[in-house]
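Trainee: One structure, pasted below without further comment.
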Amino acid sequence: MGTFRYTTELPHPRADVFAWFARPGALVRLNPPFAGSTRREPSNGLAVGSTAALGIGAPGALGMWLGSTASLAAKVLGVPATLRPELVWHARHTRLAPGEGFTDVMESGPLARWEHTHTFRDNGSGGTVMEDSVEYRLLPSSPLLNVPEGIAERALERELERIFAYRERQLLDDLQFHAAHTGPAKTIAVSGASGLIGRQLCALLAGGGHRVLRLVRRQVRGVGEIFWDPSAGALDPEDLRGCDAVVNLAGHTIGGRFTDKTKELIRSSRLAGTSLLAGALAGLASDGVPRTLVSASGVGYYGASPHPGDPNPRPLTEDSRAGHDFLAQVCHDWENACIPARSAGVRVANVRTGLVLTPAGGMLQQLLPLYLAGVGGRLGKSEWQSWISADDIAGIYAHAVLDDGVAGPVNGVGPAPVTAADFARTLGTVLHRPAAVPVPAFGPRLLLGTEGARELARASQRASSAKIEAAGYSFRHRALEQALRHVLGR
């Protein structure tokens, strides 16, 4: 039997901290992307008997390598994405003392026993001390491995230190975000809510006490869901009448080969959904209720090569002209699809999203197998990469929803874009791996096709974050190394 303890000091009132834990989304926000996945959120919040399920990966670099390799295989070979190398952890809440603490236990999973008690107390100066105490027992080791129990416990506790340090940073940053965005709770509809950004955004908004409605394509809707079908033009505008804001993240993935069929799906899925939402909000505008539409876009708006031949270009601002390639035209038309809502008086913001950093998907997930195997390297050399952490892009979307001063296009990128060479060097440093082998040109072409490789993997876009910062957004991760260490648990 072992005991693990972790203490977190929070400069926020105990009532606010406990309320955050009691709201939907807390588990999603706290579960590290490097450790596994959230399979099912708590069925009834913190109430006794509430259950949840997590997917637990192998610890350390091995777990990240297995997870990222499986995801890459799903994209390249068509292996089902559901076949993740994770053990399922079923948890159940067994005790609740409102404002003071709660306890959950593992009903089934990779350990013989797990009982996690969360205790909250005032720190005497208006803040909160949160204490996590975990009592655990390991499963008997295999005779083939014969790992001494003390060594296995130390390995587990090292992994728990990584996980709880991540949870501490997430909690501190989320509470700070909500403290900076006070005001009446809003009702917000979100399309693409199950995607990479959408899931984190919904959890972040719910953690602030806002009501989140998910746009789904199922005719039989659950609680908190709105039916829509962009391809059929199906959406009842009355379902949006009670919403203060709509966030539009839906669109076919851009991570595959740029075939004619895929390009049409990329374009049509974005324009059809955005036009449907913009038209519905425009039709509701006559009631005089202020509403907001925050719609996704991308730094691809500026084209794959907006500053050719310039090794130190001036950062792209929202006033920079659009490019002429496929993704640039898609982003241009995507933003223009919002015009009916804007013309009707709806506040519209278009977030031109950069390279989102998380091991749960995107470019970073695709690079991890190579780096962790010791054969990672740069994608290009002097090309500029406008990155942003997964938490900051969710934060920018949430800020655009909650702050009435955000309007028009805004770059969803971090404050310090880097060259491809600097990105490779930094990632290698964080992972303690070499980064000397350049990725051969045929690699991106194999995954994305010639056009996709040129517009995604080999694109060079140095975008500025000045507008969103001037609008009051405070970045969690201003430097690349800081962002990578957080999302990778390093």
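Trainee: Positive end of the charge dipole of region 184-488 (Lys, Arg +1 and Asp, Glu -1 on Cβ, about the Cα centre): tell me which of VAL406, GLN482, ALA337 has its Cα farthest that way.
Mentor: Projecting each Cα onto the dipole axis, the largest value belongs to GLN482.
Trainee: Same structure, new question: Going by average Cβ density within 10 Å per residue, which order do the peptides 475-481, 251-257 take, highest to lowest?
Mentor: Packing proxy ranking, top to bottom: 475-481, 251-257.
Trainee: For LYS263, which aspartates and glutamates qualify as cross-link partners when the Cα separation must be under 19 Å and same-chain residues fewer than eight apart are set aside?
Mentor: ASP325, ASP333, GLU335, GLU451, GLU455
Trainee: If a/c stays under 1.5 just call it rounded; otherwise compare a/b with b/c (prolate if a/b is bigger, oblate if not). Do that for region 329-398, with a ≥ b ≥ c from the square roots of the Cα gyration tensor eigenvalues.
Mentor: prolate
Trainee: Then there is this: What is the antiparallel percent of DSSP beta bridges lying wholly in the chain, to the nearest 5?
Mentor: 60
Trainee: What is the order of ARG352, ARG211, ARG217, fewest Cβ neighbours within 10 Å to most?
Mentor: Fewest-to-most Cβ neighbours within 10 Å comes out as ARG217, ARG211, ARG352.
Trainee: Moving on. For LEU316, list long-range residues whose amide hydrogen, built 1.01 Å from N in the peptide plane, is under 5 Å from its own amide hydrogen.
Mentor: Hits under the 5 Å cutoff: ARG462, ALA463, SER464.
Trainee: Sort TYR473, TYR371 so the one with the fewest other Cβ atoms within 10 Å of its own Cβ comes first.
Mentor: Ranking TYR473, TYR371 by Cβ neighbours within 10 Å, fewest first, gives TYR473, TYR371.
Trainee: Another question about this same structure. Show that you can apply the helix-only estimate: for the chain, add -39,500 (n - 2.57) for every DSSP H stretch of four or more residues, divide by all residues, and state [θ] at 222 nm to the nearest 500.
Mentor: After summing the helix terms and dividing by residue count, I get -11500 deg cm²/dmol.
Trainee: Pop the C-beta distance of GLU135 and LEU265 into the FRET formula with R0 = 51 Å and round what comes out to the nearest 0.05.
Mentor: 0.55
Trainee: From the phi of every residue in region 302-307, what ³J(HN,Hα) in whole Hz does the Karplus formula 6.51 cos²θ - 1.76 cosθ + 1.60 yield, where θ is phi - 60° and glycine or proline is x?
Mentor: So the Karplus estimates, Gly and Pro as x, are 7, x, 6, 9, x, 9 Hz.
Trainee: Mind checking the full-extension length gain between ARG154 and ALA97? Use 0.36 nm per residue of separation minus the Cα-Cα distance, one decimal, nm.
Mentor: Difference between extended and current length: 17.4 nm.
Trainee: Further, regarding this structure: Based on the mean of other Cβ atoms within 10 Å per residue, sort peptides 296-307, 329-340 so the most packed one is first.
Mentor: Ranking, from highest mean packing down: 296-307, 329-340.
Trainee: To the nearest 0.05, how large is the calculated FRET efficiency for ILE339 and ALA466 if R₀ is 22 Å and r is the Cβ-Cβ distance?
Mentor: Taking R0 as 22 Å, the efficiency between ILE339 and ALA466 is 0.30.
Trainee: Among the aspartates and glutamates, which have Cα under 17 Å from the Cα of LYS467 when same-chain residues fewer than 8 positions away are ignored?
Mentor: Partners found: GLU318, ASP319, ASP392, ASP403, ASP404.
Trainee: Over the chain, what is the relative contact order in whole percent, taking alpha-carbon pairs under 8 Å and six or more residues apart?
Mentor: It comes to 14 percent, rounded to a whole number.
Trainee: Determine the gain in length on full extension of the stretch ASN123-ALA373; use 0.36 nm per residue of separation and subtract their C-alpha separation, reporting nm with one decimal.
Mentor: Gain in length upon complete extension: 85.4 nm.
Trainee: Right, here's the next one. Give the peptides 411-418, 280-287 in descending order of average Cβ contacts within 10 Å, highest first.
Mentor: Ranking the peptides 411-418, 280-287 by packing returns 411-418, 280-287.
Trainee: Let me check against my output: what whole-number percent is the relative contact order of region 195-329, with C-alpha pairs under 8 Å and at least 6 apart?
Mentor: 19
Trainee: Here's a follow-up. If each of ASP310 and GLN219 carries a label point 7 Å out from its Cα toward its Cβ, how far apart are those two points in nm?
Mentor: Distance between the two pseudo-spin positions: 5.4 nm.
Each reported figure results from applying straightforward, stated rules to the coordinates on display, with no laboratory input. Given the structure is predicted, the values throughout are model-derived calculations rather than measurements. In this analysis, Cβ positions are derived from the backbone assuming ideal geometry, glycine residues included, and neighbour counts consider all displayed protein chains.
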